[in-house]
Amino acid sequence: MGQNITLNAEDGFALDAYLAEPQGKPKGGLVVIQEIFGVNSHMRGVTDEFARQGYLAICPALFDRAKKKVELGYAPQDIEAGRDLRAAVGWDNPIKDVRAAMKKVQGAGKVGTVGYCWGGSVTWLTATRLDGISAAVCYYGGQIAAYKDEKPKVPVMFHFGEHDKGIPMSDVDAVKKAQPNQILHVYPSGHGFNCEQRADYDAASKKLALDRSLAFFAKNLA
């Protein structure tokens, strides 16, 4: 459904992105923010799904500043490689690159951000640090708790798994306490429940979270 394109960030850096266009007039724009595994087949599939739902969706390659063409799997060595790349790019550079992606799709209307795993944490920071977006949905972001006291500029929805081995419920409770005006859902699943390629994939949780996310975007990007 989609195509690979090049974006130019505000500091002149050129990065890759995967862009998927809907049929007919877009409902808005969505920046889909990757896990630590790069813009792999799963993330392209997620981007395609949002396009099928009517959004002009784009997934920027946020690891490009450290290494180009990153597409990892979900084995232990892939997790280790992804964590190294995450550390290499930091937090400020992904925000710049999300901004470039946002500008690419803003002609479609209001723009939202949605991210998974590391991308869930980046998405939270787009809600607190980035102007120009209208809503954000964060899936199981492990670093959100560390930045829980930042003030979001837009409505935010959080999705967490009750049995996530990397995000204790104490962190989820801390986020909920710090952000009582935002929407937070917990599912009877583990980390990565949205990804059919991961051991903790849970079809029921994925569907419910997607339905909730789409309703949230329909309200806030209209």
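Laboratory data are not the source of any read-out in this text; all were calculated from the coordinates shown. Note that the structure is predicted; figures quoted are calculated from it, not measured. When we count neighbours, we look across all protein chains shown, and the Cβ atoms used for this are built from the backbone with ideal geometry, even at glycine.
With Cα atoms defining each centre, the range 136-192 and the range 31-65 are spaced 20 Å apart in the structure. Using the membrane-span-like helix rule (whole DSSP H runs, Cα extent along the own axis of at least 24 Å, mean Kyte-Doolittle hydropathy at least -1.0), which helices of the chain qualify? Helix filter hits for the chain: 203-220.
Note on the chain: antiparallel DSSP beta bridges, both residues inside, total approximately 35 percent of the bridges counted.
Its Cα centre serving as origin, the range 86-222 has a Cβ charge dipole (Lys and Arg +1, Asp and Glu -1) of approximately 480 debye.
Ordering D78, D171, D211 by the number of other Cβ atoms within 10 Å of each residue's own Cβ, fewest first, gives D211, D78, D171.
If the segment from T128 to F13 were pulled out straight at 0.36 nm per residue, it would be longer than the present Cα-Cα gap by 39.1 nm.
Pairs K27/K206; K104/K177; K177/K206; K110/K206; K165/K207; K110/K176: which are spaced more than 31 Å apart, C-alpha to C-alpha? Over 31 Å Cα-Cα: K104/K177.
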